[in-house]
1. Report the percentage of all Cα-Cα pairs in the stretch 23-72 whose separation exceeds 15 Å, rounded to a whole percent.
2. Using the Karplus equation 6.51 cos²θ - 1.76 cosθ + 1.60 (θ = phi - 60°), what ³J(HN,Hα) coupling, rounded to whole Hz, does each residue of the stretch 337-348 give in order, writing x for Gly and Pro?
3. For the stretch 110-121, what does the Karplus curve 6.51 cos²θ - 1.76 cosθ + 1.60, with θ = phi - 60°, yield as ³J(HN,Hα) per residue in whole Hz, taken in order and with x for Gly and Pro?
4. Sorted from largest to smallest, which semi-axis lengths in Å does the alpha carbon gyration tensor of the stretch 49-136 give for its equivalent ellipsoid, taking the root of 5 times each eigenvalue?
5. Using a 1.4 angstrom probe on heavy atoms only, work out the carbon and sulfur share of the accessible area of the chain in %.
6. Measuring from centroid to centroid over Cα atoms, what is the spacing of the stretch 336-361 and the stretch 111-176 in Å?
7. Long-range amide H contacts for residue 256: which residues qualify at under 5 Å (H placed 1.01 Å from N, peptide plane, sequence gap of 5 or more or a different chain)?
8. In debye to the nearest 20, how big a dipole does the chain give about its Cα centre with +1 on each Lys and Arg Cβ and -1 on each Asp and Glu Cβ?
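The values are calculated or read from the model by the stated rules, or taken from the named source; none is laboratory data. The model shown is predicted, which means the values in this text are computed figures rather than measured ones. Every residue, glycine among them, receives a Cβ derived from its backbone with ideal geometry; neighbour counts consider all protein chains shown. Protein only, heavy atoms only, side chains kept; ligands, DNA and RNA dropped before computing areas. Shrake-Rupley method; radii C 1.70, N 1.55, O 1.52, S 1.80 Å.
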Amino acid sequence: MSPKLFLYPLLLSHFLLHFLASGEVTCGGIVPMRKRREVISIRDFGGVGDGKTVNTWPFHKAIYKISHMRKIGGTMLYIPSGVWLTGSFNLTSHMTLFLAKGAVIKAIQDTRNWPLMDPLPSYGRGRELPGGRYASLIHGNGICDVIITGERGVIDGQGEVWWNMWRRRTLHYTRPNLIEFMHSSDILISNIVLLNSPFWNIHPVYSTNIVIKYVSVIAPHDSPNTDGIDPDSSSNVCIEDTYISTGDDMVAIKSGWDEYGISYGRPSADIIIRRVRGSSPFSGIAIGSEASGGVNNIHVENVNLYNTGIGIHIKTNVGRGGYIRNVTFSNVYMRNVRKGVRIAGDVGDHPDEYFNRLALPKVDGVVIKDVWGVNVQQAGSIEGIKSSKFTRICLDNVKLWGSKNPWMCRDVSGAAMGVQPWPCAELASSFSHGFCST
């Protein structure tokens, strides 16, 4: 038996034991599940779940009533079994959107009459095209104490019509997200399935105290830009026990785009990602590339990736400015991955020609430890920026089997120990002193 075949079950067993041992650790308590004293049904407002009737107006009426009832303890909007076609609608504070078993909220495909929104100030324009952007299917702005949950009910964005517009270059504005919260707090999303988002699936932006757990996020691998979960200029975010298989990054932490993100100046901070598994043709867990407002205090652990482009991806570029610091990845398992680790200073486009070429990002204090990979085509690369080297990059017990290509490094400092294949000379071979020793 070859050494690699012998080591594979040992490494997998070690990973699974650690994975199971840590199963009870949770950050989900920052937004607890609440029992609402008042329950109303979408049927009470004329909703029909036959898959043909458009229910945009019943959703608007129901949520308008919740916002004006102001019941102590909030109100649940109950969505029974059935297929509930709807256009975009806005949630309100102190409510639960509950999808019963067999309930499907399905987006209409009338793109011509889809509502528009202003661009995010930290992006300066739509992410895909100049100008505004289409509103998300389910949206919340300036609200608090909101729960989206159920009995594994489904929210289906029917994104193919939007993907085809992108492919044909017939879009007029940036595609809609499936769920977006802006300037909001105390948000819990759990026990639901998200399908076929037109663009990003879950996008909390300028928000705090966000919990996403027991969620499945699914889109075809060839669906463009269907990121799973993108915390953006948000803090105190908990993502746990979630499965993601989409056409773009499973999770991507962001904080604004070039000069607009620098000016807005709101970082993403204090984010925990735990017990997430899935696949993507792009990145498993990513930071950036739009990180101009800064990214700080990120903890990722017990992640299981397969059939993925890049396992761990930290990406930025000249003109981004900002910082990415105090980031830890631990107990990550990869299988059938093109590249295990990539930390790069040359990724991402710019909103316009006015970005500041002297705005150099700082990447500092990144720890990647206890990583196992099988059938990894290329172990990794860490390539900083000549005028802004990536510092204090620590690799500890990173075993990536199957790669015939050496690590690629430049403009980086740090240390590595127990790494297979052995990384580049730019990383010291000892943790005897400095940041990596702690």
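1. 61 percent
2. Going residue by residue, I get 10, 5, 9, x, 9, 9, 10, 9, x, 9, 10, x Hz, with x marking Gly and Pro.
3. Karplus-based 3J(HN,Hα) across the stretch 110-121 equals 7, 6, 5, 10, 6, x, 10, 10, 5, x, 5, x Hz.
4. Values: eigenvalues 141, 73, 23 Å².
Ellipsoid semi-axes (Å, largest first): 27, 19, 11.
5. Carbon plus sulfur share of accessible area: 53 percent.
6. Answer, in whole Å: 24.
7. Under 5 Å from the amide H of residue 256: 233, 292, 293.
8. Working: 44 positive and 36 negative charges, 92 e Å.
Computed about the Cα centre, the dipole is about 440 debye.
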